[in-house]
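Notes follow the structure.
The values are calculated or read from the model by the stated rules, or taken from the named source; none is laboratory data. Bear in mind that the values here come from a model prediction, so they are computed numbers and not experimental data. Ideal geometry is used to build each Cβ from the backbone, glycine not excepted, and the neighbour counts take in all protein chains shown. For the accessible areas, the whole protein counts, side chains as well, though only heavy atoms, and no ligand, DNA or RNA atoms are used. Shrake-Rupley method; radii C 1.70, N 1.55, O 1.52, S 1.80 Å.
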Amino acid sequence: MSFFWFVRHALVAQFTRVPPLDQFVRHMVDAGVGSIGLLTLLIFFAGLSLAVQGYAAFVRFGGQEFLGLFCGIGGIRELYPVMAAVICGARIGANLAASLANMQISEQVEALEVMGIDPMNYLVAPRLWAVSLAMPLLCAYADVVGLAASYLAAVHQLGVNPGNFMAQLRGIVGWEDLAAGVFKGVAFGWLVAIVACYHGYRSAKRDGAEGVGIATNRAIVHSAVLCIVLNMILSAILYV
Amino acid sequence: MSEQASGRPPAIVLDSVSKAFGSHVVLDEVSLTVRHESIMVMLGPSGTGKSVLLRCLVGLLRPDKGRVLVFGEDVARLDPERPRDREELFRIRRRFGMLFQDGALFDDMTVGENVAFPMRMHTSKSEAEIRASVDDKLRRVGLPKAASKFPSELSGGMRKRVAFARAIALEPDIVLCDEPSSGLDPVMSATLDELILELHRTLGMTFVVISHDTAEARKIADTIGLLAKGKLVTYGPTEQVLRSNHPALRQFFERSTDGPIQVL
Ligand SMILES: Nc1ncnc2c1ncn2[C@@H]1O[C@H](COP(=O)(O)OP(=O)(O)O)[C@@H](O)[C@H]1O
Ligand SMILES: [Mg+2]
């Protein structure tokens, strides 16, 4: 089974029928709610660092008043979507790959097939929908946490004027920046899910427990690499 | 009455089916016919391709050569990677129920949900009807109180019985059982044999049962086959096979170490 065969069939399964709702909801909750704690923690620190680093650079030429702009654009368009994709992607991808691989080695996927139920429709499609919708929501949430952290650092630690910081966010950072970041989230979510499902799905009974580990490992590494490459491509396209 | 006279094709026909993994030939020119509404028991030492044979019947594996006819339709011709064939394959598979060797229960569902699953997916039965049917199936396999347990809380033998209940949930035309009795105590195993006979008698289900247990074969089979090293050593009506003097068969029935089947 090649990756391209898998992608083609997954797309057909995803867009030609309504996915099983219970599966969709479960994975949406798993991927979305389950990632919030980890994401909050890491994005908060990232938001702090972004403000501190930005300040350290801008202060050299007296440009520290641009900190709001820098934290807004850099965070929303670039840093937070990528971080959400890599952090939540690792978590979500590992879960998906491990659970599908486990279903393969214990013949549960084949049991579905014999029941006349296409695992592409029943297992893969709802996971693709769930993660492609959860990831942009997580990105939007990360934006809020990250900006709050940057604001805290800028205003309370670095002494930037609070009104100025907010005015830049409101005035210069626009909805299109938010949309760009959230759109990236959809793309990363789908990518994470398809890579994880592929590695989980192609495990087989004879791979045994070791196969679950291998599938999980590949899902994490491949999706992180692909998300970062895709981010570069999307940034280039979205800025033109 | 012959099959031709009744106008019904046999449930399953294998026509010189061969399957190899790399250079390892697992099935070698296997041909057999399973009549409609019969019980066929396939005996054989482990590792000789009995499970591979079952997988070929439902198109989970494609034989390298030969035809696999299920009610006259060739499953081996269908390529599960081609969308049109895939639909066809899924349609044919709904005539089957299958008990996997290790149960293959969905471990994120309770026992009751496992048994209900095929009904939820393929019928428009009401929740109450499904629940009644699940309770009935679980009672028949001797697990009336297990519905709300998870598969991980059950012993291997119990899981197998749940898997059997799930395999018969839709009362399919053909039930494939991969070693239903291994891992069960003798009493439970006898109960399962009775259940197979009852389902066969009352609903006319066709059974293909893989087994190591010659007593089970004697009790339920109307056709017995013996598979050894990928070859169908003998195949025929139970009385005929039991009377035959085929050395491999005698060895199997007498649980003897000397004979054509050598493990060491
Ligand atoms: N997917 C597969 N890939 C490679 N070899 C396999 C595969 N499935 C089964 N085999 C081999 O085929 C042989 C028969 O297996 P199987 O049908 O499971 O035996 P049994 O008669 O005990 O059910 C074994 O030697 C096994 O290693
Ligand atoms: Mg087997």
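P(r) for chain B, from all Cα pairs and a bin width of 10 Å, is 7, 29, 36, 23, 6, 0 %, short bins first. Taking both sides together, the accessible area buried where A meets B is about 2100 Å² for a 1.4 Å probe.
Note on segment B:105-171: Kirkwood hydrodynamic radius from all Cα pairs is 11.5 Å, rounded to one decimal.
Rolling a 1.4 Å probe over the heavy atoms of the protein chains gives segment A:22-239 an accessible area of 41 Å² per residue.
Basic side chains Lys and Arg get +1 at the Cβ, acidic Asp and Glu get -1 at the Cβ, and with that the dipole of chain A about its Cα centre reaches some 200 debye. The contact residues of segment A:93-108, meaning those that lose at least 40 Å² of 1.4 Å-probe accessible area when all protein chains sit together rather than their chain alone, are A:E107, A:Q108.
Before anything else, pin down the relative contact order of segment B:105-171: Cα pairs under 8 Å, at least 6 apart, normalised by residue count, whole percent.
Details: 72 pairs, mean separation 32.9, N = 67.
Contact order relative to length: 49 percent.
Suppose R0 equals 56 Å. What FRET efficiency, 1/(1 + (r/R0)^6) with r the Cβ-Cβ distance, do B:E254 and B:E81 give to the nearest 0.05? My answer for the efficiency is 0.75. Using a probe of 1.4 angstrom and keeping all protein chains present, the accessible surface of segment B:105-171 works out to 45 square angstrom per residue. Of the residues B:N114, B:V141, B:A165, the one whose Cα sits farthest toward the positive end of the charge dipole of segment B:105-171, with +1 on the Cβ of Lys and Arg and -1 on the Cβ of Asp and Glu, is B:V141. Between A:I214 and A:L11, the contour length at 0.36 nm per residue exceeds the Cα-Cα span by 70.6 nm. If you find the alpha carbon centre of segment B:138-194 and of segment B:55-79, how far apart are they in angstrom? Result: 27 Å between the Cα centres.
Distance between the 7 Å Cα→Cβ label points at A:I36 and B:S16: 6.6 nm. Zone of B:E171 (label point 7 Å along Cα→Cβ, backbone N under 15 Å): which residues in segment B:99-133? Residues passing the 15 Å test: B:119, B:123-126, B:129-133.
Given charges of +1 on the Cβ of Lys and Arg and -1 on the Cβ of Asp and Glu, with all other atoms neutral, how large is the dipole of the protein assembly as shown about its Cα centre, in debye to the nearest 20? Could the numbers behind the result be given before it?
Details: 49 positive and 49 negative charges, 60 e Å.
In debye, rounded to 20, the protein assembly as shown gives about 280.
Each listed q (0.08, 0.09, 0.13 Å⁻¹) maps to a log10 I(q)/I(0) for the protein assembly as shown, found by the Debye formula over equal Cα scatterers with no solvent: -0.61, -0.72, -1.18.
Dividing the convex hull volume of the alpha carbon atoms of segment B:1-88 by its residue count gives 104 Å³ per residue.
Regarding segment A:22-239, what is the average projected area of its C-alpha convex hull, in nm²? The partial results should precede the final answer.
Working: hull surface 51.4 nm².
Averaging across all directions leaves 12.8 nm² for the Cα convex hull.
If a spin label sat at a point 7 angstrom from the Cα of B:E239 along the line to its beta carbon, the backbone N atoms of segment B:195-227 nearer than 19 Å would be those of B:217-225. Summing Cβ point charges (Lys, Arg +1; Asp, Glu -1) relative to the Cα centre of segment B:105-171 gives a dipole of roughly 260 debye.
With r as the distance between the Cβ atoms of B:R131 and A:A148 and R0 = 35 Å, compute the FRET efficiency 1/(1 + (r/R0)^6) and round to 0.05.
Numbers: r = 50 Å, r/R0 = 1.42.
After rounding, the FRET efficiency stands at 0.10.
Can you list which of the trypsin sites (Lys or Arg not before Pro) found in segment A:1-45 are DSSP loop residues with at most 10 other C-beta atoms within 10 Å?
Working: sites: A:R8, A:R17, A:R26; in loops: A:R17.
The qualifying sites: there are none.
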